[in-house]
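Here the structure comes first, spelled out in structure tokens, and everything after it is commentary.
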Amino acid sequence: MQANSKLLQIDLEAGGARKSEGVEGQCINAARYCSTLDRLKEGIRRKRPGLLRRGVVLQHDNATPHSANLTQQWLQRYGWEILPHPAHSPDLAPSDFHLFGPLKRHLGGMAFETEDDLISELRNWFDNLDVDFFRVGINSLLSR
């Protein structure tokens with residue numbers, strides 16, 4: 001990631017967007033990704049403790065931080081299951097197909113003065129989506 005770039009990470013579940021986090025000018029490596037997973041686990045523990053007992057199914061792509069030994073050890077330690085990423089789709093996660101089309105339509109024609117304005121609009125869009133949007137998208141991953 002370039003030093004002046006900005007990443008907005010949004011964690012999704014069938015009940016809606018869980019959280020969003022802005023990461024500015026930082027390289028996402030295995031240690032940082034595991035730290036993100038720690039925060040996600042803590043958020044789930046606080047808001048949906050039953051989910052941790054039933055088991056978490058995580059879907060991410062094959063990026064180096066996701067497949068690194070450190071990350072794999074973290075996932076094993078907490079018993080999180082990984083939904084496999086399709087072998088012939090190295091650049092896009094299956095969830096991207098469900099998200100990007102509607103998001104592109106929503107943002108079409110909009111202009112933003114600042115990055116913060118864009119991030120605010122993205123958070124607003126996710127917050128106002130019906131929970132069925134997330135449920136349908138996540139359930140469609142299971143049939144792939």
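Remarks
- Nonlocal amide H pairs with Leu83, under 5 Å, H built at 1.01 Å: Leu58, Gln59, His60
- Taken as Cα centroids, the range 111-139 and the range 44-62 sit 21 Å apart, rounded to the nearest whole angstrom.
- With all protein chains modelled, accessible area of Asp127 [1.4 Å, Å²]: 120 Å²
- Taking every protein chain into account, the 1.4 Å probe leaves Phe100 with about 110 Å² of accessible area, to the nearest ten.
- Largest accessible area first, the residues Lys104, Lys41, Lys47 order themselves as Lys104, Lys47, Lys41 under a 1.4 Å probe with ligands, DNA and RNA left out.
- A simple rule links phi to the HN-Hα coupling: the Karplus curve 6.51 cos²θ - 1.76 cosθ + 1.60 with θ = phi - 60°, which for the range 111-119 gives 10, 10, 6, 9, 4, 4, 5, 4, 4 Hz, with x for Gly and Pro.
- Sequence of Glu42, Glu115 when ordered by accessible area, the most exposed leading, probe 1.4 angstrom: Glu115, Glu42
- Cys27, Cys34, reordered so the largest accessible area comes first (probe 1.4 Å): Cys27, Cys34
- Using the Karplus relation 6.51 cos²θ - 1.76 cosθ + 1.60 with θ = phi - 60°, the per-residue 3J(HN,Hα) values for the range 27-36 come to 6, 8, 10, 4, 5, 5, 5, 5, 5, 5 Hz, with x marking Gly and Pro.
- ³J(HN,Hα) computed for each position of the range 57-71 - Karplus, 6.51 cos²θ - 1.76 cosθ + 1.60, integer Hz, glycine/proline x: 10, 10, 10, 9, 7, 8, 4, 3, x, 6, 9, 5, 4, 4, 5
- The accessible area of Leu99, taken with all protein chains in place and a 1.4 Å probe, comes to roughly 20 Å².
The values are calculated or read from the model by the stated rules, or taken from the named source; none is laboratory data. From a predicted model like this one, the values you see are computed outputs, not experimental measurements. When the accessible area is computed, the model is the full protein with side chains, heavy atoms only, and any ligands, DNA or RNA have been set aside. Shrake-Rupley method; radii C 1.70, N 1.55, O 1.52, S 1.80 Å.
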